[in-house]
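Participant: The structure under discussion is supplied below as structure tokens; questions concerning it will follow.
The values are calculated or read from the model by the stated rules, or taken from the named source; none is laboratory data. Please read all numbers here as calculations on a predicted model, not as lab measurements. Cβ coordinates were reconstructed from backbone atoms using ideal geometry, including for glycine residues, and neighbour counts include every protein chain displayed.
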Amino acid sequence: MNATVVDQAQKLRELVGTKQDVRVVSVSSGKGGVGKSTISVNLAVALSRLGVRTLVVDADFGLANVDVMLGVTSRYNFSHFLQGEKELHEIIQQGHEGVRFISGGSGVSDLLDMDNAQLESLLSGLSTLDAPIDFIILDTGAGINENILRTIFTSSETIVVTTTEPTAILDAYALVKTVTKRSSTHTIHVLLNKCENVKEARRIMDGFIDFVARHLGKKVNPLGIVMFDHSVPQSIKRQVPITVGSPNSETSKEITQIARAILDMKGGYKAPESILSRVFGRMRSDKK
């Protein structure tokens, strides 16, 4: 990260200065079309069913679609809150399975630029929500640009979604390389989506992890494999996540397994503290 972003992050830490319990994970991809947002939404549903109070922030600038996938059309986004036009509870919507979400728009990129008054308003709004938040998913845009990288670094860990296609793998590597160059300590998980052959997918996953380790000196975590399912596109058209419409399908089981894997990491794994976890963590301390 550049010095300006680092300085802004430090300022927020000093302003908040509270112990955090909220886990903030960004979901990103090197290219579009790999199912990143579908994974974000269904992962949120799976976590919710496991008793984890989850909030999805749609940070896909210009192509926000999490609200549509959750069967809700949202009129407001984070920028309405930051500009003082709406209260926090007014921009948080609720979709299937009680999953809460915020349509991000350009407002997400302004999180690091919050002044003291905006920060206090955010903390106050969070402390008055009906239920605390345990887990935040940031659904970033696809590709590599400064807005996407900025969003990634407001989280403490990133799930890189890719498919087994050579171009997708190359773009995923480019994303991992760029993130690692900016911050060698940023935690990265890899998820293979739309796989057609389990054996091939495992071979590609192992090869990717080994290649990253050898060429970047970076250890990435193999999060899981989701097989191709013809019913997923249909579920998107119906605006009903597959984990809701077909909870007993293999895809739903695979995503639930991935959700469990993420939660299991908390025992023997401690993610670096993030800016957003500091901000959102204040809510939990206020509730006690």
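Participant: Report, ordered by the first and then the second residue, all pairs with beta carbons closer than 6 Å, sequence separation of six or more or different chains, a first member in region 163-177 that is under 14 Å from residue 201 (Cβ atoms), and a second member that is aliphatic (A, V, I, L, M) and part of a loop (DSSP other than H, G, I, E, B).
Facilitator: 163/34; 168/34
Participant: What's the total number of residues in region 80-95 that are of a type outside the set (D, E, K, R), closer than 17 Å to residue 132 by Cα and in contact (Cβ under 8 Å) with a residue 24 or more places away in the chain?
Facilitator: Matching residues across region 80-95 total 5.
Participant: Continuing with this model, one more query. Let me spell it out: the conditions are (1) at pLDDT below 85; (2) farther than 17 Å from residue 96 by Cα, and residue 66 meets all of them except one. Which number is the exception?
Facilitator: (2)
Participant: Any idea which of 150, 182 is of a type outside the set (Val, Ile, Thr), within 14 Å of the chain's Cα centre (by Cα) and either surrounded by 12 or more Cβ atoms within 10 Å (Cβ to Cβ) or closer than 24 Å to residue 263 by Cβ (or both)?
Facilitator: Step by step, each of 150, 182 is checked, and only 150 is of a type outside the set (Val, Ile, Thr), within 14 Å of the chain's Cα centre (by Cα) and either surrounded by 12 or more Cβ atoms within 10 Å (Cβ to Cβ) or closer than 24 Å to residue 263 by Cβ (or both).
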